Structures are given as structure tokens and as C-alpha cells.
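*Asks:* Quick one: the structure is below, questions incoming.
The values are calculated or read from the model by the stated rules, or taken from the named source; none is laboratory data. Values in this document were obtained by computation on a predicted structure and should not be read as measured data. All Cβ positions, glycine included, derive from the backbone under ideal geometry; neighbour counts span all protein chains shown.
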Amino acid sequence: MNYNEPLKTLGTRAARLFMELHERRRATFTVRDVQEIVGGTANAARSLIYKARRRGLVTQLKPGLYNLVPFELGRATQHVGDPYLIARDAMAGAPYFLSFATALELHRMTTQPSFVIYVSSPRRIRAQTMGNYQYRFVLVPERMMFGLAQHWVTKEQAVAVSDVERTILDGLREPAYVGGITEVAKGLWMKREKLSVERLIDYSRRLRIGAVDRRLGFLLEHYRLADKPGLEALRARLTDTYHRLDPTLPAEGVHIARWRLRLNVTPEELDAVRVG
């Protein structure tokens, strides 16, 4: 036994803090949480956290945000909790939802694992690294805070995530955040029997982004997932401007006048996502 290792012992105030955090089902916490639970000044709260960190009871995720180290981990003094719950708690109550590649993964619409957690919010927050993940916060206006669902990480803890239809549209809006247009197409095809095409078209109308209308209409038509009235509703909103099907790829390929698109992804590449 190494007697120089820190002992996981609790003082009275730390015990009160951790008991209350467990009661609240909170694995992460802030200095303000400590003040609320045990009282005292911000400096006193930071001192308590500092001592808990030295004893191996707490891991710092970033300045001001901490994670409890479960006692069942024994002598381990570092522990990073669920990345989705960390994303939620990092928002400190601000409106948010998990989005883009993260939402694709949560909805099982992709086969590519991602170590970037995407969070959309009207609050501007810089990218940061917590634990083994990079967190990227995408600024969206208040009017885009729709099409959301809950994903239950545990029996008691849930996070906000874009629903299947909104996840597809966000991928069409910013293909770079999901790995390209073929990843969106793959997710669309994988969920074709469960998603609502009507909701997709309605959400696209609410987003009011011409490039999304073009890409959505083209993919729905290519995979024969929408009827003629639905496709015409999308085409009615198009202007004469052309957009690339995948803005992450070079401006090459044929122009599709019907959807005002430059087809820089081949039909064969789009058909390949149907495999399996």
C-alpha cells in the first residue's frame, strides 16, 4: 500500500455537499452550487473544492466546473462523467440542445463515432475541452430553438437533443458538422421508415434557409421519400441562386436546374448509403 496516496475522507461540510449533490442526482457542480448548499463566500467554496480535489474526491473539468469521483472507483482520483450530462451542466441553465454529429450518434443515425460534442445555443460560448472530449458550441438564434426532444442518459437524468427531423435539417444546413452530406443522407435513409416527411418540410419552412430547401428536396426526391405536393412545396420557395449539394467539397459537378443545385456528390455515392 502506498501511504502517500490521498485518503478519500470527508469533512463535515464536504459530506453535506456530496450528500446533497447525490440527492439531486448531480455528478457535476459549480462554485455557485457549493455556496448554495453549504453557504459561505465564493472563496470558501473554492477552498472546499480545492481540498476535495487534493483528497481525490473531485475532478476539475474546466475552471469553475467540477465532477464527483465516485467512491466505488476505489483509489482512483480522476473521473470524468457522462459527456452529454457534462454538456448540459456546462450550459448553467442556458437554453441548449445537443446537435449535429452528436445528435446523429444519439439517434443511431451514423456509424462514425465522434469525439466532438456539438451543443447549439443562443448563448455564445467558446469551444473547450473537458475530459476526453472537445465541446463545440454552435450559436443559433432564438427562433431556431425548436424541434427538440429528450434523451435519457440515466433513469433520472435527461439532456435536450434535436429530434430526428431537426437533426437531418441541421446536417443539411451545416454538413461540415456531421462529416459531409453523405452522412446526412445515411441518417435520412436509416430513419426513412420512422421519420415524418411532413415534419421535415415544415421544419425546413420554419428555418427559412434556401440551401436547406434545395438539399432536402433533392434528397427526398432521390430516395423517393416524398410525394409530389411535398416536393413542390419545397420548390416553390427556391430562388434562382445555385448552391453546392455539399459545401465542404469543391464547386464541381453538373447543375440540377430543378433544385438549383450543383451536384458535387455523385448519385452513386448517394446510392451507396442504401447498403444494409
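*Asks:* In the set Thr182, Thr167, Thr154, which member is of a type in the set (Ser, Thr, Tyr) and closer than 24 Å to Ala257 by Cα?
*Replies:* Working: Thr167 fails: closer than 24 Å to Ala257 by Cα; Thr154 fails: closer than 24 Å to Ala257 by Cα.
Selected residue: Thr182, the only one of Thr182, Thr167, Thr154 that is of a type in the set (Ser, Thr, Tyr) and closer than 24 Å to Ala257 by Cα.
*Asks:* Another question, then. Among the numbered criteria (1) touching a Lys or Arg at 6+ places or on another chain (Cβ under 8 Å); (2) crowded, with 17+ Cβ neighbours inside 10 Å; (3) aliphatic (A, V, I, L, M), which one does Ile201 miss?
*Replies:* Among (1) touching a Lys or Arg at 6+ places or on another chain (Cβ under 8 Å); (2) crowded, with 17+ Cβ neighbours inside 10 Å; (3) aliphatic (A, V, I, L, M), the lone unmet condition for Ile201 is (1).
*Asks:* What number of residues within the range 38-60 are touching an Asp or Glu at 6+ places or on another chain (Cβ under 9 Å) and buried (at least 18 other Cβ atoms within 10 Å of the Cβ)?
*Replies:* Within the range 38-60, the subset touching an Asp or Glu at 6+ places or on another chain (Cβ under 9 Å) is 38, 45, 56.
If we keep only those that are buried (at least 18 other Cβ atoms within 10 Å of the Cβ) too, we end up with 45, 56.
Residues meeting the conditions: 2.
*Asks:* With the structure loaded, tell me whether Leu216 is within 24 Å of the chain's Cα centre (by Cα) and modelled with pLDDT of 95 or more or whether it fails that test.
*Replies:* yes
*Asks:* If you don't mind, there's one more thing I want to ask. Give the residue, chosen from Val119, Val184, Val153, that is surrounded by fewer than 22 Cβ atoms within 10 Å (Cβ to Cβ) and not hydroxyl-bearing (Ser, Thr, Tyr).
*Replies:* Values: Val119 fails: surrounded by fewer than 22 Cβ atoms within 10 Å (Cβ to Cβ); Val184 fails: surrounded by fewer than 22 Cβ atoms within 10 Å (Cβ to Cβ).
Only one candidate passes the filter, namely Val153.
Rundown of residues vs (1) at pLDDT below 80; (2) surrounded by fewer than 20 Cβ atoms within 10 Å (Cβ to Cβ); (3) more than 30 Å from Met190 (Cα to Cα); (4) within 30 Å of the chain's Cα centre (by Cα), yes/no style:
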| position | (1), (2), (3), (4) |
| --- | --- |
| Val34 | no, no, yes, yes |
| Val80 | yes, yes, yes, yes |
| Ala101 | no, no, no, yes |
| Met109 | no, no, no, yes |
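*Asks:* Does Gly179 fit the bill of being under 18 Å from Leu245 (Cα atoms) and not in a helix (DSSP H, G or I)?
*Replies:* Details: under 18 Å from Leu245 (Cα atoms): yes; not in a helix (DSSP H, G or I): yes.
Yes: the conditions hold for Gly179.
*Asks:* Further question: Scan the range 148-159 and give yes if some residue there is assigned by TED's automatic domain parsing to the domain that holds Ala272, among the β-branched types (Val, Ile, Thr) and part of a loop (DSSP other than H, G, I, E, B), otherwise no.
*Replies:* Checked against the condition, which is being assigned by TED's automatic domain parsing to the domain that holds Ala272, among the β-branched types (Val, Ile, Thr) and part of a loop (DSSP other than H, G, I, E, B), the range 148-159 yields no hits at all.
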